[in-house]
Amino acid sequence: MGTPCCCLNLFNSLQPSDYIDLLGIVVNGGLAYWIIKTIQDKLTNKRVLKDHFIDEVKELRNEYKNCLSNLYLNKTHAKNVAPWFKLMNIKVTDIMLLIYDKYEIDINHLDPYQNKLRDLVTDNPEFISQYNLGQPVVFTDNSRNQFIKFQQEHNRLFNDLIIMINDSN
Amino acid sequence: MKTISVFENFSEFPALRHCNISEKSGEEFYHTILNKEFNEQYEKGEKLIVNLDNTAGYASSFLDEAFGNLVFDFTLDIVKNHVEVISIQEPHWKTMIENETYPQWEERRVNKKNPVVTRTHGAWFRLDKNEIKSGIWEHPVAA
């Protein structure tokens, strides 16, 4: 029962300058809360977006990995190759455009996968000679080694891209 | 100015370089469509626009053979001034044709390394001693 009386005494004893100080504390506190919340929201948004792009890049990597695996295992039909690369190129270009807009990362970063790999397959002698057979292309050991070599040389492009997205401001 | 489309005027499924390895090859596209359409626009002093979109996709050899033959028959300068390649879906093809196919086939033309045909084609147009002539300029080489 003594508390309200004590508060009343406290407020009665405050000078106008104390009220100004009190108001300053309240305003500063509010401002600090707003700044922290805004920054936190922005950081959270940035992180969510980065994670989204990183997931997209991982998905692209898996699709190319499956493509190379099918080539190596002689499971690829020649006539499906150009349509598959077209769809992938549209998908990759779309994602890389967004990544470029957001993080200024080279839009042609995955170019070897978009063009060099396609040419490696469509200019391959077994691919050409078996194009009309309507069966999966049987590649020689030499050709299959070329696919492995391509993967060894270029696989890091995906990890490089993930690191660049992650490290961007 | 006229626009032709590989999809509408030729095939949804363009294939490989030569007629002897696939139907709907770059060689076939050149000899049945591109050479005649280009010549018609060139003689009118106009531009031919070639739209690459809406097909199921390309092998680079198809486009190299088609546009390379055009450079071989009409020279690089003329082709550059009278052809515009467009592709919204796959803009890298335009870059490849202009930066790789055109200069490589111009060099081939200068060095008189004639194109290979794998089927007998009807007469087609070629710039010969500064004059457009129609003829059967190349014949399939027996294997």
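Each reported figure results from applying straightforward, stated rules to the coordinates on display, with no laboratory input. Just so it is clear, the model here is predicted, and its values are computed rather than measured. When we count neighbours, we look across all protein chains shown, and the Cβ atoms used for this are built from the backbone with ideal geometry, even at glycine.
Helix A:141-154: angle to the longest alpha-carbon principal axis of chain A, degrees 0 to 90, nearest 10? Here the helix axis deviates by roughly 20 degrees.
Close amide-amide hydrogen proximity is noted between B:Ser5 and B:Asn51, each under 5 Å apart and 5 or more residues distant or on a separate chain (H modeled in the peptide plane; Pro and chain starts excluded).
Of the GluC sites (Glu not before Pro) in segment B:39-143, the ones in a loop by DSSP (not H, G, I, E or B) with at most 12 other beta carbons within 10 Å are B:Glu46.
Working note: Karplus 6.51/-1.76/1.60 with θ = phi - 60° gives segment A:34-41 the couplings 5, 5, 4, 5, 4, 4, 4, 4 Hz, where Gly and Pro are set to x. Only helices enter this figure: runs of n ≥ 4 DSSP H residues, each worth -39500 (n - 2.57), summed and divided by the residues of the protein assembly as shown, yield -19000 deg cm²/dmol at 222 nm to the nearest 500.
Comparing B:Phe125, B:Phe13, B:Phe74, which has the greatest mean-square fluctuation in the GNM of chain B with Cα pairs linked when under 10 Å apart? For chain B, modelled as a Gaussian network with Cα springs under 10 Å, the answer is B:Phe13.
Once you charge only the Cβ atoms, +1 for Lys and Arg and -1 for Asp and Glu, what is the size of the charge dipole of chain A about its Cα centre, to the nearest 20 debye? Intermediate results must be reported in sequence, preceding the final value.
Working: 18 positive and 20 negative charges, 107 e Å.
It works out to roughly 520 debye.
The distance between label points at A:Arg156 and A:Leu31 comes to 5.0 nm (points 7 Å beyond Cα on the Cα→Cβ vector).
With both residues required to sit in chain B, DSSP beta bridges show an antiparallel share near 40%. Going from the residue with the fewest nearby Cβ atoms within 10 Å to the one with the most, A:His77, B:His31 rank A:His77, B:His31. When the trypsin sites (Lys or Arg not before Pro) in segment A:1-110 are filtered for DSSP coil states and for at most 13 other beta-carbon atoms within 10 Å of their beta-carbon, the remaining sites are A:Lys75. Note on chain A: Lys pairs 8 or more places apart or on different chains, Cα atoms under 22 Å apart, count 29.
In terms of surrounding Cβ atoms within a 10 Å radius of their Cβ, B:Met96, A:Met164, B:Met1 rank from fewest to most as B:Met1, A:Met164, B:Met96.
Here the spin labels are modelled as points 7 Å beyond Cα on the Cα-Cβ line, and at B:Glu40 and A:Lys58 they lie 5.4 nm apart.
Using the Kyte-Doolittle scale, which helices in chain B average at least -0.5 and also have C-alpha atoms spread 15 Å or more along the helix axis, with helices defined as whole DSSP H runs?
Numbers: long enough: B:60-74 (21 Å, 0.59).
Correct list, ordered by number: B:60-74.
Taking other Cβ atoms within 10 Å as a rough exposure proxy, A:Asp123, A:Asp106, B:Asp64 sort from fewest to most as A:Asp106, A:Asp123, B:Asp64. Residues whose amide H comes within less than 5 Å of that of B:Ile132, counting only those at least five positions distant or on another chain, are absent (H built at 1.01 Å from N in the peptide plane).
The distance from the alpha carbon centre of segment B:1-45 to that of segment A:49-79 is 32 Å, rounded to a whole number.
Rounded to the nearest whole Hz, the Karplus-based 3J(HN,Hα) values (6.51 cos²θ - 1.76 cosθ + 1.60, θ = phi - 60°) of segment B:45-51 follow the sequence x, 10, 9, 9, 9, 10, 8, with x at glycine and proline.
Computed from Cα atoms, the angle from the helix A:3-13 axis to the main principal axis of chain A rounds to 80 degrees. Taking θ as phi - 60° and the Karplus parameters 6.51, -1.76 and 1.60, the scalar couplings of segment A:90-100 work out to 5, 5, 5, 4, 4, 5, 5, 4, 5, 5, 5 Hz in sequence order, x denoting glycine and proline.
For the pair segment B:52-74 and segment B:118-143, the centres of their Cα atoms are 18 angstrom apart.
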